[in-house]
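Chemist: Sharing a structure here in C-alpha cells format.
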Amino acid sequence: MFIRKANVRVVPFVVLVLLLSTLGSAQQPPMTKFDRDRLQEMLHMVASDVQKHYYDPKFHGLDWDATIAKAKSEINSETSMNMGMSHIAAALDNLNDSHTFFTPPRHANRYDYGWQYQMVGDHCFVTHVRPNSDAETKGVKSGDELLGLNGFTPNRENLWKMQYVFNLLRPQPALRLDLKDSGGQQRKVDVLAKIREGKRVADISGSGNDNDIWDLIREGEREDHLTRVRSAEFGDQLMVLKIPEFTFTLTEAEGMIGKARKHQALVLDLRGNPGGYVDVLRFLLGGMFENEVKIADRVGRKEHKPEVAKPSHNPFTGKLIVLVDSKSASAAELFARVVQLEKRGVVIGDRSSGSVMEARHYEEQVGVDTVVFFGASITDSDLIMTDGQSLEHHGVTPNEIALPTGKDLASGRDPVMARAAELLGVKLSPEDAGKLFPYEWQPQ
C-alpha cells in the first residue's frame, strides 16, 4: 500500500488531450491491426481494474462505461501507438484524482532534458540545470522564470500534465521554453534532450547472456542512492533531516529518531518529497509523539477505517519544524498536516501539492513470448483529516509562507532552511543552508 504523489489533477482532462494533440506523431511508425488490438486489450484491463477497485463505485457521477467506450472509439481511429495510449491516460484523467493514473509501457529510450522546474508560489522557475547539457549550453539558468513550455503557460493546475506527458507518457526530443531572467529579459529557447537508446525488447529472465536484468538492478540501486535520507548536525542544538521519499525501512526510521533525540530541535525537510509507504509514515509520526495520534479516516468503497500512528517507545520530544513546497505530496503532506493539527511543531515553506489519496498499483501485461508491461495506480481510499477536511486538491498551507526568489535559486541560496534554523536559535546563512544537501543528478 502506498500513498504517493501522482501529480495534481484539478482541471478538466481536455487540457491533457490538447497538450497531447500538439505533439506530432510523424516519427511514429503506422499502427497495425495487431497494435490496435493490443491497445484495446490494455484499455479493457485498466478499465476493469478501475471498475473493481476504485474507492468511489459511483465514480463521482462520471459515466465510466461511456468514458471507456469513447476511448475505445478514439483508439480505433488513431494512427499511432503513442496517441492510442494517450487516450487511455485521458480516460483515467476524467476521474480528476491525483492517485489514479495510467502507467504506460516503459519506453526503450531514455530522455534527459537536462533541467528541472517547479512552482514557487504562483510562478514557475527553473530550479536546476545539468552541467554540460544542451540547456546549459543555450543559457538556461537556475532562477529563470518559465513562462511557457511548448506553448502552454505552466501553473499549479496544469504543471503535472506537462511533467506526466513529457517524462512518462510521450517524451520529446526537444522542448521550447519561454523564459524570463532575473533582469526581466524574455527569450525563447529550444532545448534538446539527451537520448540514450535502449533495446526495444529486453531479456529480464536472467537465463541468457544479456545484462538486461542487471541493468534494471543497477538502475534501482542508483535510484535508492538518490532517494537516501541525508542529515546535518549543529552541535546538540539542531539536526536537519532531508527526506526525499517515505520509502526507507522502519529500521532506518528508528535510527533517525534515535539520532534526533540527541538534539534539542529537529528540522524535517520534506520539500520535493512525493510521498511513499503508509507504514513508514505511521512509524515516523509515531517517533514524534508521546501519545497515539490519528492521521486520517480512510474512506473506501466498503469501509471507513481510521489510520493511526502509535508512539514509539522513546520518541523525539524536542522542537520540530517541517519544510514543504509545491512538490511535497501525499504522505509528506499528511505528515505536515498532522504536525499542524496536533500543534506539535511549525510548518514553513510553500503550499504543498494537494495530491493526497491512498492507492495501490495494479501491474498488468499483454503478450506471451514477448511481454509488454503496463498498469495503473488506482485510489482505494480518500483520507479525511481530523478537522473533517481532505487535502486532495487543497494541500497544506504552511504556518509561515517562505519562498525562494529567482535570485536565490540562481545563486544556490536557501532562505527557507535559514529561516527554520533561525527560529530554532541556530545562525545559518542562506548561502550555507544552500550547501547542506547539494542537488544530485541521475547518471546519464
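The values are calculated or read from the model by the stated rules, or taken from the named source; none is laboratory data. Values in this document were obtained by computation on a predicted structure and should not be read as measured data. For neighbour counting, all protein chains shown are included, and Cβ atoms are generated from backbone atoms with ideal geometry for every residue, glycine included. Accessible surface areas use protein heavy atoms only, side chains included; no ligands, DNA or RNA. Shrake-Rupley method; radii C 1.70, N 1.55, O 1.52, S 1.80 Å.
Chemist: Looking at (1) surrounded by fewer than 16 Cβ atoms within 10 Å (Cβ to Cβ); (2) closer than 18 Å to N82 by Cβ; (3) modelled with pLDDT of 95 or more, can you tell me which one Q185 breaks?
Modeler: Of (1) surrounded by fewer than 16 Cβ atoms within 10 Å (Cβ to Cβ); (2) closer than 18 Å to N82 by Cβ; (3) modelled with pLDDT of 95 or more, only one is false for Q185: (2).
Chemist: Here's a follow-up. Mind checking which residues of the stretch 79-120 are more than 16 Å from the chain's Cα centre (by Cα), surrounded by 21 or more Cβ atoms within 10 Å (Cβ to Cβ) and β-branched (V, I, T)?
Modeler: Answer for the stretch 79-120, where residues must be more than 16 Å from the chain's Cα centre (by Cα), surrounded by 21 or more Cβ atoms within 10 Å (Cβ to Cβ) and β-branched (V, I, T): just I88.
Chemist: Oh, and also: Name the residues in the stretch 188-206 that are at pLDDT 95 or above and either part of a loop (DSSP other than H, G, I, E, B) or closer than 11 Å to C124 by Cβ (or both), would you?
Modeler: The one that is at pLDDT 95 or above and either part of a loop (DSSP other than H, G, I, E, B) or closer than 11 Å to C124 by Cβ (or both): A193.
Chemist: OK, next. Which members of the stretch 355-380 meet the condition of being in contact with a His (Cβ under 9 Å, 6 or more places away or on another chain) and of a type in the set (G, A, S)?
Modeler: Hits for the stretch 355-380 are S355, A359, G375, A376, S377.
Chemist: Now for a different question. From the list D134, D144, exactly one residue is surrounded by 21 or more Cβ atoms within 10 Å (Cβ to Cβ) and either touching a Gly at 6+ places or on another chain (Cβ under 7 Å) or of a type in the set (D, E) (or both). Which is it?
Modeler: Among D134, D144, only D144 is surrounded by 21 or more Cβ atoms within 10 Å (Cβ to Cβ) and either touching a Gly at 6+ places or on another chain (Cβ under 7 Å) or of a type in the set (D, E) (or both).
Chemist: Here are some conditions: (1) in a strand (DSSP E or B); (2) open to solvent by less than 30 Å² (accessible area, probe 1.4 Å); (3) touching a residue at least 40 places away in the same chain (Cβ under 8 Å). C124 meets all but one. Which one does it not meet?
Modeler: All conditions are met except number (3).
Chemist: Filter the stretch 368-379 for residues that are open to solvent by 30 Å² or more (accessible area, probe 1.4 Å) and either out of contact with any Lys or Arg (no Cβ under 8 Å at 6 or more places or on another chain) or modelled with pLDDT of 95 or more (or both) and give the result.
Modeler: V368, D369, T370, V371
Chemist: At pLDDT below 95 and open to solvent by 20 Å² or more (accessible area, probe 1.4 Å): does that describe S312?
Modeler: Yes.
Listed here are the residues, each with its yes/no results for (1) open to solvent by less than 70 Å² (accessible area, probe 1.4 Å); (2) without any contact (Cβ under 8 Å) to a residue 40 or more places away in the chain; (3) not in a loop (DSSP other than H, G, I, E, B).
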| site | (1), (2), (3) |
| --- | --- |
| H394 | no, no, no |
| P404 | yes, no, no |
| D408 | yes, no, yes |
| A421 | yes, no, yes |
| L428 | yes, no, no |
| E431 | no, yes, yes |
| L436 | yes, no, no |
| W441 | yes, no, no |
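Chemist: Oh, and also: Among residues belonging to the stretch 247-294 that are in a strand (DSSP E or B) and either open to solvent by 70 Å² or more (accessible area, probe 1.4 Å) or within 26 Å of P415 (Cβ to Cβ) (or both), point out the one that is modelled with the lowest pLDDT.
Modeler: Y277
Chemist: Pick from the stretch 300-356 the residues that are in contact (Cβ under 8 Å) with a residue 60 or more places away in the chain and touching an Asp or Glu at 6+ places or on another chain (Cβ under 6 Å): which of them is nearest to L423 (Cα to Cα)?
Modeler: Among those that are in contact (Cβ under 8 Å) with a residue 60 or more places away in the chain and touching an Asp or Glu at 6+ places or on another chain (Cβ under 6 Å), it is I348.
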